[in-house]
Amino acid sequence: TFAEAIMFMQRSVFPVCAEALEPVKLIGFSNRLMLRHLEQNPQTCLHLLGHMSVRLHQRLDELENLTLQNATQRLALYLVGQVRDRGTDSAEIELVLPKSLIAARLSIKPETFSRAIANLRDRGLIDSRARQISIPSIQSLLNEFAEGQAPNPEHKAGVIASDSP
């Protein structure tokens, strides 16, 4: 979802755009109808407020990462955020987005992204083959950053920061 906050700004034009990376089903609805529904259904209103609060917290985490983490740390957090099953310490993930888009999301150049992958691989923290990433120990990956700003594995926000390696 996107643009929830704009619904409350009472503007006739919404300055939001999005681009789908794969086929999607887009559902639109009237702003007035939604506001009326929220007025009549406090539980829905509270649910939306909770959702928006989580999203705000994720954006604040991204801003914090922008100022405190280097490219390798941001990549490590992104990889941990892609882990679906937290039942074990190891994980296999597939990079579903093109590496150039992941690099852009992390606010790094594609070549810096490649160096960060190589850095983590050379340190034995990941193994990578094309779009497949193996994390032998999620905890070891997180422990590498314990002295600095450790990635928070509970947040799946797409971290952003400067282009430092």
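Here are the numbers for the structure shown:
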item: In region 48-96, residue modelled with the lowest pLDDT [restricted to those that are assigned to a loop (DSSP other than H, G, I, E, B) and surrounded by 15 or more Cβ atoms within 10 Å (Cβ to Cβ)]; result: GLN69
item: Candidate set from region 86-128 (those that are acidic (Asp, Glu) and touching a strand residue (DSSP E or B) at 6+ places or on another chain (Cβ under 7 Å)); member that is nearest to PRO23 (Cα to Cα); result: GLU94
item: Region 83-100 residues that are on the phi < 0 side of the Ramachandran plot, paired with ones that are in a strand (DSSP E or B) and aliphatic (A, V, I, L, M) (beta carbon under 6 Å, 6 or more apart); result: VAL83/ALA91; ALA91/ILE135; ILE93/ILE133
item: Tabulated pairs, region 36-62, first more than 15 Å from MET7 (Cβ to Cβ), second basic (Lys, Arg), C-beta under 8 angstrom, 6+ apart or interchain; result: GLN58/LYS156
item: Considering residues of region 1-32 that are of a type in the set (Asp, Glu) and loosely packed, with under 10 Cβ neighbours inside 10 Å only, the residue farthest from LEU46 (Cα to Cα); result: GLU22
item: Subset of region 2-51 [touching a His at 6+ places or on another chain (Cβ under 8 Å) and either under 30 Å from LEU101 (Cα atoms) or not β-branched (Val, Ile, Thr) (or both)]; result: GLU4
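The values are calculated or read from the model by the stated rules, or taken from the named source; none is laboratory data. All values reported here derive from a predicted model rather than from experimental measurement. Methodologically, a virtual Cβ is constructed for each residue, glycine included, from the backbone with ideal geometry; neighbour enumeration extends over all protein chains shown.
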